[in-house]
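What follows draws every value from the coordinates through simple rules; no lab data is involved. Keep in mind that this is a model prediction, so the values were computed, not measured. When we count neighbours, we look across all protein chains shown, and the Cβ atoms used for this are built from the backbone with ideal geometry, even at glycine.
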2 protein chains.
Amino acid sequence: MFWILFLIFLLACFAAGATGGMFPPGDWYRSLDKPRWTPPDWVFPVAWTTLYLLMAFAGARVALAPDNGLALAFWALQIALNTLWTPVFFGLRRMRAGLVVLSALWLAVAACLVALWQVDAWAGLAFVPYLCWVSVAWALNLSVLRRNPDVAPA
Amino acid sequence: MFWILFLIFLLACFAAGATGGMFPPGDWYRSLDKPRWTPPDWVFPVAWTTLYLLMAFAGARVALAPDNGLALAFWALQIALNTLWTPVFFGLRRMRAGLVVLSALWLAVAACLVALWQVDAWAGLAFVPYLCWVSVAWALNLSVLRRNPDVAPA
């Protein structure tokens with residue numbers, strides 16, 4: 001049962017990750033003025049693949065435990081917000097709206113981490129890299145928004 | 001606790017529904033050749049608002065019940081796919097990819113309905129209108145794809 005649950009949560013991550021292929025950064029993103037600490041392009045798919053595996057692991061662990069309602073509600077919320085960000089930022093090129101979505105995602109991931117931890121410490125730990133990465137993404141979105149005030153949405 | 005859970009699931013639905021405002025149908029959709037049974041425009045937001053309330057109700061009911069893992073894993077999967085469809089169809093105007101996403105969504109909603117029902121009959125019932133509506137949306141997407149073979153993606 002663990003692996004069936006793991007697969008279903010991983011499919012949800014795959015739906016979120018599919019946005020990365022369908023709304024690619026492309027020339028527009030390359031042309032933006034970005035901070036020096038911007039991770040190189042190859043880091044993003046590697047980071048997300050790792051995070052998706054950890055997120056599916058956390059979901060499946062907690063799905064088998066009792067009193068998991070709050071953790072799984074937040075899990076659903078964070079995957080919906082995760083799916084939303086890429087089309088808003090890279091599709092619409094709305095950097096401000098992207099920052100709003102990322103702020104909501106950060107809160108959802110933080111709440112999910114706490115709720116997961118209360119059910120299962122390993123599940124909570126699996127969300128720590130995710131929260132770190134969303135923090136970096138949030139800072140990068142903010143920095144890019146500030147450095148490119150004259151770039152219009154698509 | 002029911003209402004907190006209801007609110008979290010409703011926020012996830014709101015993230016999915018936000019795509020409707022950010023990727024509006026617009027002139028492109030109006031200009032497509034659509035079947036005679038296409039619901040009028042005003043039906044869509046009314047239907048989705050109703051469905052979102054029912055989905056949040058189902059999620060919150062099952063989150064408080066034991067042995068809810070499979071149902072909540074499918075709930076997370078369906079909301080991710082739900083969030084994905086609008087940007088693909090109305091944002092990218094990729095009708096074929098939209099149909100693939102809707103097919104996956106239909107399967108996820110059907111699986112979620114069955115899994116919900118096994119935990120709580122009211123939760124399963126709350127997903128019946130959703131499955132009906134996704135069936136209509138699937139048929140509409142297929143019909144529009146067939147009737148407009150020469151319309152290029154955005």
What does the convex hull of the alpha-carbon atoms of region B:1-80 project to on average, in nm²?
6.4
Given chain A, longest segment not containing exposed loop chymotrypsin sites (Phe, Trp or Tyr not before Pro) (DSSP; at most 14 other Cβ within 10 Å)
A:43-154
Could you give the dipole magnitude of chain A about its Cα centre, charging the beta-carbon of Lys and Arg +1 and that of Asp and Glu -1, in debye to the nearest 20?
400
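Taking beta carbons within 10 Å but only from partner chains, what does the mean come to for residues B:14-20?
Working: counts 4, 14, 4, 1, 8, 6, 0.
Mean partner shielding for this stretch: 5.
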Calculated FRET efficiency, residue A:136 and residue B:37, Cβ-Cβ r, R0 41 Å, to nearest 0.05?
0.25
Suppose we keep just the alpha-carbon trace of the protein assembly as shown; what are its Rg and Dmax in angstrom?
19.0, 55
For A:1-11, mean number of other protein chain Cβ atoms within 10 Å:
4
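What average number of partner chain Cβ atoms lie no more than 10 Å from the Cβ of the residues making up A:140-150?
Partner Cβ neighbours, averaged per residue: 0.
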Can you tell me the Rg and the Dmax, both Å, for the Cα atoms in region A:18-154?
15.7, 51
How large is the helix-only mean residue ellipticity at 222 nm for the protein assembly as shown, computed as the sum of -39500 (n - 2.57) over DSSP H runs with n ≥ 4, divided by its residue count, in deg cm²/dmol to the nearest 500?
-25500 deg cm²/dmol
Report relative contact order for chain B in percent, whole number only (criteria: Cα-Cα under 8 Å, sequence separation at least 6).
31
With label points set 7 Å from each Cα along the Cα-to-Cβ direction at residue A:49 and residue A:103, the distance between them in nm comes to 3.4
